[in-house]
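The values are calculated or read from the model by the stated rules, or taken from the named source; none is laboratory data. It should be emphasised that the depicted structure is a prediction, and the values quoted were computed from it without experimental measurement. Glycine also receives a Cβ, built like all others from the backbone with ideal geometry; neighbour counts cover every protein chain displayed. Ligands, DNA and RNA are excluded from the accessible area calculation, which covers all protein heavy atoms including side chains. Shrake-Rupley method; radii C 1.70, N 1.55, O 1.52, S 1.80 Å.
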Amino acid sequence: MREAERERTPPPGQESLRHRAARVLEEHAEEIVEDYERRLERAQSLLLSGEGVSRAGLREQARTLLRLAAEALRGRERPELRVGEEISRNQEAAGEPLSHPPDESFRAGLELSKAALERVLGELDLSGEPPGEVLRLSLRVQEAIMDHTAREAMISHVDYLLAKLTEVQAEERRRLSRELHDRLAHSMALVAQSLELHEALAGSDPETARERLHRAAEAARRSVEAARNLARELRGSEASQGLELALQNLLEATVPAGVRTKISFSGDEGHMPDHVRDQLYMILREGIRNAVAHSETEALVLEVTVSPEEVRAAVTDHGKGFEASSGTEGVGLASMRERAQLLRGEFRLRTSLGEGTRVEVRIPLGR
């Protein structure tokens with residue numbers, strides 16, 4: 001049970017301005033919520049189009065915020081909660097996961113504050129109230145709503161990052177599965193098949209049997225090399241020994257021998273936090289893999305420039321390019337764009353048929 005709340009009530013027969021404002025919030029909550037939703041539509045809020053929260057959920061959150069604001073205006077006090085406890089309690093109350101960026105929550109909170117304040121000022125007779133008291137009331141209404149909006153933003157941000165972390169982990173597992181299948185399983189299957197044929201033909205056709213044994217040995221050597229390259233790439237994926245070295249290892253492990261490569265790296269990696277370095281590596285890795293798999297290029301250029309303010313990077317191929325005007329992106333490009341956005345960065349794609357492809361990313365490094 002929640003601890004009993006204490007309420008400071010006004011003197012008998014006299015209702016304070018704040019108490020009257022609280023009554024307006026309670027009695028006109030539905031009108032305020034409808035106005036709030038219209039404001040979000042006019043502002044083209046991502047909360048109405050993004051995933052993770054429904055319109056019904058948004059309306060219920062708004063009603064909750066109005067109720068809490070009314071309680072605050074009446075002077076009700078609750079024991080202070082630690083941030084973690086507050087987030088956990090609000091998550092349970094929300095009833096559904098939130099995945100929108102936290103700045104959208106703050107913008108929505110401001111729109112709800114405007115809708116609530118406009119209704120309060122329109123319903124109350126403030127002609128006899130001192131201007132200073134009206135101003136303090138306005139600030140108190142906004143403060144009461146935004147205080148709880150900040151906690152909702154914490155929830156959305158935590159949920160958003162946890163969801164993306166889960167997606168990244170799943171993506172890495174799928175990639176490792178594909179690599180094991182494509183690089184090792186096929187070669188080992190050839191080894192097994194060739195050895196079986198060698199055994200079957202050893203007595204009747206020794207020459208063909210020796211040929212099959214030779215094929216098995218070649219396939220086994222390719223499997224060993226593939227395993228070594230995969231291990232090298234996995235070690236490099238941590239980028240713990242530096243981004244430049246990790247990218248060099250990646251090019252050696254994944255780019256075919258017939259493709260010329262060039263890497264240009266300038267600046268001090270020390271300006272990059274570890275999480276930025278690791279995510280940037282995965283963005284560039286996906287760009288290189290896309291170029292190798294789809295571009296049919298004969299040359300690949302990788303550029304990275306690090307400064308105290310930002311890091312810029314690009315992967316350029318001179319392959320066949322593709323038509324990007326359709327507005328659709330494959331999983332790889334979508335993953336690169338999303339990783340850049342998670343780091344507050346920018347992602348750009350430049351491509352056209354017959355002209356090659358260039359992907360660019362810029363990530364701010366300001367704390």
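Brief remarks follow.
- Restricting attention to the stretch 245-288, the residues that are open to solvent by 20 Å² or more (accessible area, probe 1.4 Å) and either closer than 13 Å to Val311 by Cβ or out of contact with any helix residue (DSSP H, G or I) (no Cβ under 9 Å at 6 or more places or on another chain) (or both) add up to 18.
- Within the stretch 3-112, helices (runs of 4 or more DSSP H) holding 3 or more residues that are open to solvent by 80 Å² or more (accessible area, probe 1.4 Å) and either touching an Asp or Glu at 6+ places or on another chain (Cβ under 7 Å) or modelled with pLDDT of 80 or more (or both): 17-27, 29-42, 55-73
- Residues of the stretch 273-324 satisfying the condition of being of a type in the set (Lys, Arg), in contact with a strand residue (DSSP E or B) (Cβ under 9 Å, 6 or more places away or on another chain) and in a helix (DSSP H, G or I): Arg277
- Whichever residue in the stretch 194-214 is of a type in the set (Asp, Glu) and in a helix (DSSP H, G or I) and, among such residues, is least open to solvent (accessible area, probe 1.4 Å): Glu211
- For the stretch 215-227, the count of residues that are in a helix (DSSP H, G or I), among the polar types (S, T, N, Q) and open to solvent by 40 Å² or more (accessible area, probe 1.4 Å) is zero.
- Selection count, the stretch 127-141, where residues are of a type outside the set (Lys, Arg), within 11 Å of Ala21 (Cα to Cα) and either surrounded by fewer than 20 Cβ atoms within 10 Å (Cβ to Cβ) or touching a strand residue (DSSP E or B) at 6+ places or on another chain (Cβ under 6 Å) (or both): 2
- Restricting the stretch 248-270 to residues that are among the polar types (S, T, N, Q) and part of a strand (DSSP E or B) leaves a set whose member that is farthest from Ile288 (Cα to Cα) is Ser266.
- Selection status of His271, at pLDDT 85 or above, in contact with a Pro (Cβ under 9 Å, 6 or more places away or on another chain) and not charged (D, E, K, R): yes
Residue-by-condition table, conditions (1) modelled with pLDDT under 90; (2) small (Gly, Ala, Ser); (3) surrounded by 14 or more Cβ atoms within 10 Å (Cβ to Cβ); (4) closer than 25 Å to Val259 by Cα:
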site: Val301; (1), (2), (3), (4): no, no, yes, yes
site: Ser307; (1), (2), (3), (4): no, yes, no, no
site: Val315; (1), (2), (3), (4): no, no, yes, yes
site: Lys320; (1), (2), (3), (4): yes, no, yes, yes
site: Ser335; (1), (2), (3), (4): yes, yes, yes, yes
site: Arg348; (1), (2), (3), (4): no, no, no, yes
